[in-house]
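Below is one structure; the comments refer to it alone.
We did not get these values from a lab; they are worked out from the coordinates using the rules stated. Computed from a predicted structure; not experimentally measured. Backbone-built Cβ (ideal geometry, glycine too); neighbour counts: all protein chains shown.
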Amino acid sequence: MAYRANILISSEAPGADAVQAAFLSKVQDLQLEDEVQVLATTALMGAATQGIEALVYPEGTRYVNLTPADAATIVEEHLYKGRPVQRLAYVEPKVTPLPPPNTKEVRVVLGNVGKINPFDIEDYIAEDGYMALAKVLTEMTPDQVVEEMKKSGLRGRGGAGFPAYMKWTLARNSPNKPKFLICNGDEGDPGAFMNRSVLEGDPHSVIEGMAIAAYVVGAEQGYFYVRAEYPIAIRTLRVAIEQAREYGFLGQNIFGSGFNFDLEIRMGAGAFVCGEETALMRSIEGKRGMPSTRPPFPAASGLWGKPSNINNVETYANTAKILLKGGEWFSSVGTEKSKGTKTFAIAGKVKRTGLIEVPLGLTLREVVYDVGGGILNDKKFKAVQTGGPMGGCIPEQFLDMPVDYESLASVGSIMGSGGFVIMDEDTCMVDIARFFMDFVQDESCGKCVPCRVGTRRMLEILNDICEGRGQPGDIERLEELGKSIMRGSLCGLGQGAPNPVLSTIKYFRHEYEAHIYEKKCPAKVCRALIEYKVNPETCIGCTRCARNCPVNAISGKPKEAHYIDPSICIRCGICSQVCPVNAISVE
Amino acid sequence: MNELALQAIIQHYRTSEEGLVEILREASRQAGYLTPEHLAFIAKALHLPQSQVHSVASFYSLISLKPLGRHVVRFCQDAPCHVVGGRAVWEAVQAALGIGVGETTPDGRWSLLTTSCIGACSVGPVMMVDDDIHGNLTPESVRDILARYDKIGGAA
């Protein structure tokens with residue numbers, strides 16, 4: 001049945017249930033239930049800062065910060081009387097005008113996210129869902145599917161960028177049986193949440209892609225490995241798999257083709273390294289998630305030693321669309337070697353944080369300024385960190401470089417899963433490198449000594465540098481250690497762990513040198529290297545700083561210039577915040 | 001957690017090695033933490049050596065072998081949250097609870113842990129209190145958020 005209007009409610013925010021109930025009951029009161037549909041969806045209507053939100057279609061009016069009472073008002077005014085409630089509608093903040101959103105975006109993988117109800121398979125079917133699977137199973141041979149995937153040029157979206165069709169072919173040609181199909185939903189890179197939103201917003205697109213890949217590979221059993229930190233994604237996926245089974249898109253004899261395929265969800269338990277494919281398979285088996293040497297590759301010997309094909313969420317999410325619209329359609333955007341669109345998660349010091357999907361080959365500048373809206377508070381761009389903790393920091397001079405697999409690699413970074421952390425002039429690059437090193441040091445599984453011990457040594461050196469104990473030779477030691485860790489580690493974690501440090505040394509060596517030789521932090525972040533000072537010319541002697549200092553480091557008589565004792569000062573910065581005349585500066 | 005509840009979890013997953021990671025995680029979530037007795041029981045039910053069960057349990061960060069407080073705060077200490085002011089918030093959380101990372105308050109109400117990225121980077125800095133995610137944190141807002149769950153005793 002067609003409804004004249006739809007209400008979508010962000011179900012992630014606390015209290016959303018009550019608002020949804022209020023919408024429903026008012027719709028029933030006014031006997032609109034045949035005309036108006038009330039749907040719960042998962043967040044992601046925009047920056048998730050607006051409390052409980054609702055979107056009313058067809059107008060697309062966005063209501064924010066809703067209470068149950070507001071819900072009743074909206075139904076009565078907007079849907080019954082046809083007058084949108086301006087008072088509750090979202091107004092773009094006037095203070096920092098942003099360029100119109102999504103100007104350079106092309107949404108393929110994210111096309112349905114936020115538009116369809118992820119808990120209703122019929123919404124997906126209405127968007128041509130499972131059409132590609134039907135076409136593949138009834139009209140195409142596995143070789144034809146491979147041919148189409150080859151034409152599309154789709155490369156693995158999990159980081160390494162290995163062509164999808166090649167992976168599938170390897171597993172397909174592997175003689176051993178049974179074969180397994182795995183989806184890697186262990187999206188653990190700090191700053192990356194593309195897969196979470198696909199799983200929460202359009203889970204069927206991934207299930208359909210997996211079924212198609214299983215047909216090519218010849219697998220009847222699939223595993224969906226999702227990290228436990230994504231409870232909403234798991235809940236959504238569980239419902240989606242159940243519904244796909246009910247509709248016969250999973251299970252025995254799918255579309256009467258004689259092809260069988262079913263899926264099981266496996267939840268992680270909080271180990272970043274399980275995103276590595278061999279570690280992930282050990283975790284599915286119930287073991288410690290530790291990587292093993294390749295070869296043998298999973299296509300030859302994977303889960304329980306059987307041939308296994310493993311791709312990530314986004315790779316599978318692209319699959320059905322490619323087979324429905326054709327490989328040429330997909331390869332019509334992108335660069336020569338990097339085809340199609342890619343989702344990125346934009347975080348850090350940028351005006352518009354969140355998820356984007358753009359054709360590969362857009363320049364970094366376009367991503368940061370046109371799609372991301374530019375740097376927060378119009379500060380100066382310093383660097384963008386791409387590819388998660390194993391990626392590198394890319395400085396301003398490469399802003400006009402296209403975003404594709406090869407270009408990113410050429411400047412010492414990686415595509416990774418697609419996290420972009422944008423940093424401005426107030427970010428200390430040594431401090432950032434230390435943060436990433438702290439992360440990989442913590443997440444190293446401990447199997448390879450260079451990674452286990454080496455990352456710890458690197459972290460200790462970085463801590464020393466940030467805390468003012470840097471020694472001449474530290475930079476060279478970091479470079480040497482970094483290279484040994486890369487050479488001596490088995491998996492991508494160890495091989496990539498030194499990247500943030502090496503890339504920041506390469507492009508921001510002067511910041512390291514300032515920390516070590518001048519004992520100064522140019523970005524004024526590292527506390528041991530900064531000093532708060534009162535400018536005696538400007539100070540009016542109001543005593544406010546002295547009264548607010550938590551450690552009584554400030555002395556001075558009323559109406560006279562004050563003085564901060566650096567040996568007592570803990571660099572908390574409260575004095576400069578409370579000073580009415582900005583007399584306190586950081587040096 | 002009694003043996004019956006543990007048995008139910010084991011039945012829900014698989015009574016073989018394959019289910020080990022999920023059984024341990026779920027049992028840890030329900031019980032708060034796992035004792036050597038829990039591990040021995042699981043080892044027996046799955047016909048696995050205790051050493052293997054312990055090695056898996058100690059590998060994953062969401063499986064706890066140590067008692068935790070009634071409420072668990074997991075603060076995101078990854079770079080995207082750090083870049084947008086996470087450090088000041090982290091200090092405010094520690095001050096509000098009066099404990100450091102890995103510690104539990106003497107009254108057993110709170111434990112403070114860090115977490116790896118929970119994928120809410122567009123609203124950082126972020127922390128999880130029990131199962132709830134709180135974003136856009138400021139040093140000023142954390143006390144109010146924590147107080148919604150339970151009494152907090154740390155310095156203002």
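Tabulated results
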quantity	calculated
Ranking of A:F255, A:F249 by count of other Cβ atoms within 10 Å, fewest first	A:F255, A:F249
Computed lengthening from A:R457 to A:A134, 0.36 nm per intervening residue step minus Cα-Cα distance	110.8 nm
Options A:A132, A:G289, A:G446, ranked by Cα towards positive dipole end of chain A, top entry (Cβ charges)	A:G446
Furthest towards positive pole of dipole, A:V421, A:L376, A:I432, structure part segment A:360-434, Cβ charges	A:I432
GluC sites (Glu not before Pro) restricted to segment A:453-499 and DSSP loop, no more than 14 other C-beta within 10 Å	A:E467
Vicinal HN-Hα couplings computed from phi for segment A:421-429 (Karplus, 6.51 cos²θ - 1.76 cosθ + 1.60; Hz; Gly/Pro x)	10, 9, 10, 10, 4, 7, 9, 8, 5
Total charge dipole magnitude, segment A:429-518, about the Cα centre, Cβ charges on Lys, Arg, Asp, Glu only, Debye to nearest 20	480
Among the listed pairs A:K135/A:K339; A:K506/B:K66; A:K349/A:K506; A:K519/A:K559; A:K81/A:K115; A:K524/B:K151, those beyond 31 Å (Cα-Cα)	A:K506/B:K66; A:K519/A:K559; A:K524/B:K151
Proximal lysines relative to A:K306, as straight alpha-carbon distance under 19 Å, when same-chain residues fewer than 8 apart are discounted	A:K167, A:K177, A:K179, A:K287
Pair A:E77, A:I125: separation of 7 Å Cα→Cβ label points (nm)	3.8
Model label zone, A:I232; criterion: amide N under 20 Å from point 7 Å along Cα-to-beta-carbon; scope segment A:49-91	A:49-57, A:61-68, A:71, A:90
Charged-residue dipole, Cβ positions (Lys, Arg, Asp, Glu), the protein assembly as shown about Cα centre, Debye nearest 20	1400
Cα gyration tensor shape of segment A:381-498, rounded if a/c is under 1.5, else prolate or oblate by comparing a/b with b/c	oblate
For chain A, the longest site-free run once trypsin sites (Lys or Arg not before Pro) in DSSP loop states with at most 11 other Cβ atoms within 10 Å are removed	A:95-379
Unit charges on C-beta of K, R, D, E only; dipole of segment A:229-388, Debye	540
Label-point separation in nm, A:N582 to B:S16, each point 7 Å along Cα→Cβ	7.0
Fewest-first ranking of A:M423, A:M194, using other Cβ atoms within 10 Å as the exposure measure	A:M423, A:M194
Size-normalised alpha-carbon gyration radius of segment B:71-153, reference 2.2 N^0.38 Å	0.97
For the protein assembly as shown, radius of gyration divided by Kirkwood radius, i.e. Rg to Rh on alpha-carbons	0.97
Spin-label model distance (nm) - A:I570 vs B:A40, 7 Å beyond Cα toward Cβ	4.5
Packing-based exposure ordering (other Cβ within 10 Å, fewest first) of B:E103, A:E139	A:E139, B:E103
Residue (of A:A213, A:G275, A:N260) at the positive-pole extreme of segment A:208-290, dipole from beta-carbon charges	A:G275
